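A.B. asks: Sending over a structure as structure tokens; questions will come in a sec.
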Amino acid sequence: SSVQPPGATRPLCCRRHHRLSNASLGTMAAVVVEPISIPTALGDREILDVGVSKLNLQKIDNPQKSLHACASRYGSQTIRSIFEKMEEKDMVSKFEELTLADNNIGDDGCEWLLQGLTAKTTAGKTVGENLKVLNMPRARFGTAGMKSIGNLIAASNSLENVIVSSNICDAAGVQGEFCAGLTKNKSIKSLCLAACRLRDAGIVSLAEGPLKSHPKLEHLSVQYNRLEAAAAKSLAGMLAVNQALRYLDLSGNSIGAEGALALVDGIKKNKGRLQRLSVSQNEIQTEGVKAFTKLFMSPEGKALIFLDLRHNNLPYKDMVVIRQELGKPMEGPEGWMLLFGERQLMMNR
């Protein structure tokens, strides 16, 4: 082979077609286990190793490129190609963690993901039987895509952590197939549905359906979903009977004082199973903050080890009074984080 002079680089065509993607583990450049060639949405092709346990397609490898260009690198055809190549190899995916965040996966990509992960090998094994973490925030899918994710959840016995935040699916996205899938599933421990524009109707469907009885779900995030009092009331009803949930994040909604009072009642009926709650940025005002701080200091609320009440339109004069009642006066050493042994209460205006 010819020897290149010092400082020389390979021609662009060679670099383009022989580049080894670092989307998988950083060490895989040394040993490639299962290489496949995949198309990108930019009209390029890359070599990808699918013989790894963690596949990460969230790539912003050049700060001088636009975020749009980076986010558009892998699309639905990439997902289709990955699983078609796996089908050709008749292999069970080794993926335990799959990160597709910030890519143009879309509804079609979610459907290809469903078909690929639930496919069977000739030996009768499920291709995605090892998958534990599905990380897909900002993957640009909507209602149809979320329904595909629901069907995937239904078929999985291994998924433990599902993050599908910031995919605008509206209430329809979690109704029907998604609720049915979560009802059937017995393995998920953490579910992030933040900023999906679920509104009250979406939360009511979840709270009156699978959330009441899911045996493993410990963490639920529904931040920034334009929720109001009706959603809080349905979640309160769910908390009264739920046995598994330990952390509920409602930050960035508008449940108001009415919703806050309903949640307090639901937590009392929960009998100490819920341990962490965030209702920051929810316009619960003085009435709601007082109800929560009273709960926090009561025997019924002693199981709460983390309570976030920040940014709830609490007037300064009322905060002074509440701090005094808590035994944490404003002139004391603590700021917005108030410590009660190992328990944390966060509160400001």
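The values are calculated or read from the model by the stated rules, or taken from the named source; none is laboratory data. This is a predicted model, so every value here is computed, not measured. Counting neighbours? That spans all protein chains shown, and the Cβs are built from the backbone with ideal geometry, glycine included. Accessible surface areas use protein heavy atoms only, side chains included; no ligands, DNA or RNA. Shrake-Rupley method; radii C 1.70, N 1.55, O 1.52, S 1.80 Å.
A.B. asks: How much FRET efficiency would the formula 1/(1 + (r/R0)^6) give for residue 285 and residue 226, where r is the Cβ-Cβ distance and R0 is 25 Å, rounded to 0.05? The partial results should precede the final answer.
C.D. replies: On the way: r = 18 Å, r/R0 = 0.74.
So, using R0 = 25 Å, E works out to roughly 0.85.
A.B. asks: What angle, in degrees between 0 and 90 and rounded to the nearest 10, separates the Cα long axis of helix 143-155 from the longest principal axis of the Cα atoms of the chain?
C.D. replies: 90
A.B. asks: Quickly work out the residue 216-to-residue 240 label distance, labels modelled 7 Å from Cα along the C-beta direction, and quote it in nm with one decimal.
C.D. replies: 2.9
A.B. asks: Could you please state how large a percent of the accessible area of the chain is carbon and sulfur, counting protein chains only and using a 1.4 Å probe? Each step should come with its number before you reach the end.
C.D. replies: Values: 8210 of 16150 Å².
The C+S portion of the solvent-accessible surface of the chain is 51 percent.
A.B. asks: Between the stretch 158-223 and the stretch 271-333, what's the alpha-carbon centroid distance in Å?
C.D. replies: Centre-to-centre (Cα) distance: 27 Å.
A.B. asks: Here is the link list: 125/189; 132/302; 94/216; 54/125; 59/212; 216/328. Which ones come out longer than 26 Å on Cα distance? Show your work: numbers first, answer last.
C.D. replies: On the way: 125/189 24 Å; 132/302 33 Å; 94/216 24 Å; 54/125 20 Å; 59/212 37 Å; 216/328 37 Å.
Result: 132/302; 59/212; 216/328 exceed 26 Å.
A.B. asks: Moving on to the next point. Which residue, 130, 103, 185, has the most motion in a Gaussian network model of the chain that connects Cα atoms within less than 10 Å?
C.D. replies: Between 130, 103, 185, it is 130 that shows the largest mean-square fluctuation.
A.B. asks: If each residue of separation counts as 0.36 nm, what is the full-extension length gain between residue 316 and residue 88 once their alpha-carbon separation is subtracted? Working shown, then result.
C.D. replies: Values: separation 228, 0.36 × 228 = 82.08 nm, distance 6.56 nm.
Gain in length upon complete extension: 75.5 nm.
A.B. asks: For the full complex of protein chains and a 1.4 angstrom probe, list 330, 91 by accessible area with the highest value first.
C.D. replies: Values: 330 60, 91 25 Å².
So, going from the largest accessible area down, we get 330, 91.
A.B. asks: Taking the Cα atoms only, what angle lies between the long axis of helix 229-241 and the longest principal axis of the chain, rounded to 10 degrees?
C.D. replies: Result, in degrees: 90.
A.B. asks: Consider the candidate values (i) 169; (ii) 229; (iii) 338; state which one is volume of the Cα convex hull per residue in Å³ computed from the structure displayed.
C.D. replies: (i)
A.B. asks: If DNA, RNA and ligands are ignored and the probe is 1.4 Å, what is the ranking of 184, 328 by accessible area, most exposed first?
C.D. replies: 184, 328
A.B. asks: Evaluate E = 1/(1 + (r/R0)^6) for residue 44 and residue 129, where r is the Cβ-Cβ distance and R0 equals 35 Å; express this FRET efficiency to the nearest 0.05.
C.D. replies: 0.65
A.B. asks: Follow-up question, since we're still on this one. Can you give the alpha-carbon Rg of the stretch 251-349 over 2.2 N^0.38 Å, where N counts its residues?
C.D. replies: Numbers: Rg = 12.3 Å, N = 99, 2.2 N^0.38 = 12.6 Å.
My calculation over the Cα atoms of the stretch 251-349 gives 0.98.
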